[in-house]
Amino acid sequence: MHQALQTVIQPETLAPLLLSLKTALAALVSHLILGVGLGYALSLRKLPFRFLLDAIVTLPLVFPPIATGFMLLMLFGRYGLIGEHLASHGIDIVFSPAGVYIAAVISGLPLVVKPVQSAIENTTGSLREAARTLGKSELNTLVCIILPNIRSVILAGLLLSVGRSFGEVGITLMLGGNITRRTETVSLAIYNAVFEGNFEKALLLSALLAIISVAVFTGMNKLNGHSKTAE
């Protein structure tokens, strides 16, 4: 136990843990805002370019992560469509913590958007009509009526997205790189430890991810239980 604790507090082990925690927290906030917003937008049948937006959001679920990462690398790279403009202002995305953050957001976003979209489409039709009859605005209906009714779906999606951010490798490797104490996440640290033959470190970090996974699973079960009780 003491030896495991000593391994955890070493800078080369602590840095990936702190980066993963910071990334997960930032991704959680982003997923809450973007996930709910995009899920609501995609539930609107008459939204212009709805199919294109849906395809972009869903892409990380069906496209290989390493290929998704390469596309983002071409987009945010120094000579990319977005990256060139950012570079002219002194902002570098590729091989930086910002790249790790973007990778986490993009990889986990569909896990929030799609459940929210489905929940709104399947459960709020009559609620919207009732709200309109009472003279409620669309924003007021969303905040005061729709979101409270699907809060368990939102929370479950957020838990899954956070779990995904800890396990993301492919997109992170391409966009954020694998730079020790800079863009090395816990998952990449496990890969590096195995590659170096440091199986003790790899086992310890894997155990930490297992604990996080169990916590996410437990949280989802509790949410599901509360949801059934409310029904």
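Where residues in region 147-190 are out of contact with any helix residue (DSSP H, G or I) (no Cβ under 8 Å at 6 or more places or on another chain) and of a type outside the set (Val, Ile, Thr), which of them is farthest from Gly69 (Cα to Cα)? Going through the qualifying residues, I end up with Pro148. Checking Leu160, Leu155 one by one, the residue that is closer than 29 Å to Glu12 by Cα and within 21 Å of the chain's Cα centre (by Cα) is Leu160 and no other. Out of the residues in region 96-110 meeting the condition of being in contact with a Lys or Arg (Cβ under 8 Å, 6 or more places away or on another chain) and surrounded by fewer than 23 Cβ atoms within 10 Å (Cβ to Cβ), tell me which one is farthest from Leu159 (Cα to Cα). Checked region 96-110; the qualifying residue farthest from Leu159 (Cα to Cα) is Ser96. Looking only at residues of region 10-28 that are farther than 17 Å from Val162 by Cβ and in contact (Cβ under 8 Å) with a residue 12 or more places away in the chain, we find that the one that is surrounded by the most Cβ atoms within 10 Å (Cβ to Cβ) is Thr13. Whether a residue is of a type outside the set (Val, Ile, Thr) and either at pLDDT 85 or above or closer than 16 Å to Leu18 by Cβ (or both) was assessed, and Leu223 does not pass this test. When the test is whether a residue is among the hydrophobic types (A, V, I, L, M, F, W, C) and over 15 Å from Ala98 (Cα atoms), Leu159 passes it.
For region 29-69, the set of residues classified as crowded, with 16+ Cβ neighbours inside 10 Å and over 25 Å from Ser152 (Cα atoms) consists of Pro65, Thr68, Gly69, listed by residue number.
The values are calculated or read from the model by the stated rules, or taken from the named source; none is laboratory data. Everything numeric here is computed off the predicted structure, so don't read it as measured data. When we count neighbours, we look across all protein chains shown, and the Cβ atoms used for this are built from the backbone with ideal geometry, even at glycine.
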